[in-house]
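What follows draws every value from the coordinates through simple rules; no lab data is involved. Keep in mind that what you see is a predicted model, and the values were worked out from it rather than measured. Cβ placement follows ideal geometry from the backbone for every residue including glycine, while neighbour counts extend to all protein chains displayed.
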Amino acid sequence: MSVLTFKFGGTSMGDADIIKGVAQIILDAQAEGHQVLTVVSAMTGVTNTLLNAARAAAEGKTEIYIKATADLRDRHHETARELVQDAAAQEALLAELHRLIDDFQDLCRSIAVLGEVTNRGLDAVSSIGERLSARLLAAHLQERGAAALPVDATTLIVTDDTFQNAAPLMELTRARVQEQIVPRLKAGILPVVTGFIGATENGITTTLGRGGSDYSAAILADCVDADELWIWTDVDGVMTTDPRLVPDARVIPTLSYREVGELAFFGAKVLHPRTILPVMERGMPIRVRNTFNPTHPGTLIQPEPRLTEGTAKAITIIRDVHLITVAGRGMMGVPGIAGRTFTAVARESVNLLVISQSSSEQSFCFIVPDSDSARAVAAIREELALELERRDVDRVWVQEDVVIITVVGAGMRSTPGVAARIFGVLADAGVNVTVIAQGSSESSISLVIDSSDDEAAVRALHTLVANNGDQASSSA
Ligand code: ADP
Ligand code: ASP
Ligand code: MG
């Protein structure tokens, strides 16, 4: 018998029929003798609706949150009525859903009065989606005779107060989970915990960042000492590239933590980039599986890379980024310009995604999220004001129409000629590479290219993966 943590994403909570399928997956696992802790996302699209409504309220567009309130009520009530037939249970569930949606409306009303919304306010509003969905699933499990318990993660996951992107305080979280969840799991209870959200030590609601339910599940898996973490989603597993871009993308049977970490960091939406952090140290296996195709074995993520020699395993893409270049002939003799540039950018809390220096030392460049690039450039120009005046640095400039494409695979490290093959297929596809950088873990190579070449580049690079006969044999 094992302790399993299951996480179901937004599409897996899409409507009543899909939620019934989710319940079946949980009940089947319990019938096989496992203890199951479940973490859920909000129903598809709900987090977007909540955030849009809050932002619109801040701009005084009251009609948007009023419509959102009505839509959320309709959708959750309809789903509740399909999931729970017992009259008393249905009435209790509807009352709970009503109360939460009233809270949402009250929050939006306050935001509209204030005329602004803080990150803290956005977290309060966006946390409501998961509070609704966890209650729906738990009530349905109860209807089917299981001892299910909806749990708001605000009572379990203690975080710092970085609203919108909070970090867990693991010791405090572990103590609460061990006290409140572990005994219940042992007693055969099925906890259904809200993903995405937590609270500060003072009880103020926070969120872990968009797509953060994967991370919630990993945190809880660690704190209950789970044997495995299973991420249930809407594709058969982690794939060789985004299946929406390349239809013949295939499931990758096994990946190492490091490989999946690079994949997630460089844009594969299937896992939140921080998911592996809590489970890595203890080597807990993660499985990525399909709610809509539960017999498929999915992807197994484990500590040791299973090296597929000489091969790229996956291609990822990040859009919505800008390339910033700092250049000047006089830079060669002046030490510390790069260091000061990066420090200035870090002071603005801007994330650097890829960094590259030209061998001539006459320029270096890096990638930042587009929403941060103006701030980053202003900070650099201020930091290097003297050098710019003296013409040691000639220019700091931004290229907007770029994307990062990353080739991931731990086996590339030991194989000569990988870069040559990458450039070969891109040249054949007529794609020009602006920047190339190797990931620090040597499990990835990132390229910055013109955004108009994005799909051509992904398809061309995917042939390097598709031509790799080792893929199938690397199956666990
Ligand atoms: P969930 O709601 O279950 O968390 P997400 O939408 O966050 O699901 O992530 C799953 C989606 O990620 C897939 O439907 C797919 O379109 C997209 N995706 C992007 N890159 C990959 C990849 N390499 N492998 C699998 N899915 C990917
Ligand atoms: N519901 C949240 C979001 O849409 C968290 C998640 O789905 O993982 O970002
Ligand atoms: Mg997700």
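Residue 148's amide H: which non-local residues (gap 5+, or another chain) put their own amide H closer than 5 Å, with H modeled 1.01 Å from N in plane and none for Pro or chain starts?
Long-range HN contacts for residue 148: 142, 190.
Express as a percent, rounded to the nearest 5, the fraction of DSSP beta bridges in the chain (both residues included) that run antiparallel.
That works out to approximately 60 percent antiparallel.
Counting pairwise Cα distances across region 63-151, what percent come out greater than 22 angstrom?
32 percent
Is region 116-213 best put as rounded, prolate or oblate by its Cα gyration tensor, with a ≥ b ≥ c the root eigenvalues, rounded for a/c under 1.5, and otherwise prolate when a/b is larger than b/c, oblate when not? Please report the intermediate quantities before stating the final value.
Numbers: a/c = 3.03, a/b = 1.48, b/c = 2.04.
Because a/c hits 1.5 or more and a/b fails to exceed b/c, region 116-213 counts as oblate.
Figure the gain on full extension for residue 432 and residue 329 (residue separation times 0.36 nm, minus the Cα-Cα span) and round it to one decimal in nm. List each step's numbers first, then the result.
Details: separation 103, 0.36 × 103 = 37.08 nm, distance 2.48 nm.
Result: 34.6 nm gained on full extension.
When the convex hull of the C-alpha atoms of the chain is computed, what volume per residue in Å³ does it have?
Details: hull volume 75.5 nm³, N = 476.
Dividing the Cα hull volume of the chain by its residues yields 159 Å³.
Against the globular-protein guess of 2.2 N^0.38 Å, express the Cα radius of gyration of region 296-436 as a ratio, rounded to two decimals. Can you show the working numbers first?
Numbers: Rg = 18.3 Å, N = 141, 2.2 N^0.38 = 14.4 Å.
Here the Cα radius of gyration is 1.27 times the empirical estimate.
Per residue of the chain, what 222 nm ellipticity follows from adding -39500 (n - 2.57) for every DSSP H run with n ≥ 4, rounded to the nearest 500?
Working: 17 runs with 200 residues, N = 476.
Theoretical 222 nm ellipticity from helices: -13000 deg cm²/dmol.
Set the Förster distance to 30 Å, then compute FRET efficiency between residue 227 and residue 292 from the Cβ-Cβ distance, nearest 0.05. Please report the intermediate quantities before stating the final value.
Numbers: r = 25 Å, r/R0 = 0.82.
Calculated value: 0.75.
Read phi for every residue in region 278-288 and hand back ³J(HN,Hα) as whole Hz from Karplus 6.51 cos²θ - 1.76 cosθ + 1.60, θ = phi - 60°, with x for Gly and Pro.
x, 9, 4, 4, 8, x, 5, x, 10, 10, 10
Would you mind calculating the gained length between residue 16 and residue 77 on full extension (0.36 nm times residue separation, minus the Cα-Cα distance), in nm to one decimal?
Numbers: separation 61, 0.36 × 61 = 21.96 nm, distance 1.05 nm.
Extending this stretch completely gives an extra 20.9 nm.
Using 0.36 nm per residue of separation minus the Cα-Cα distance, give me the extension gain between residue 66 and residue 184 in nm, one decimal. Can you show the working numbers first?
Working: separation 118, 0.36 × 118 = 42.48 nm, distance 3.92 nm.
Extra length available between residue 66 and residue 184 comes to 38.6 nm.
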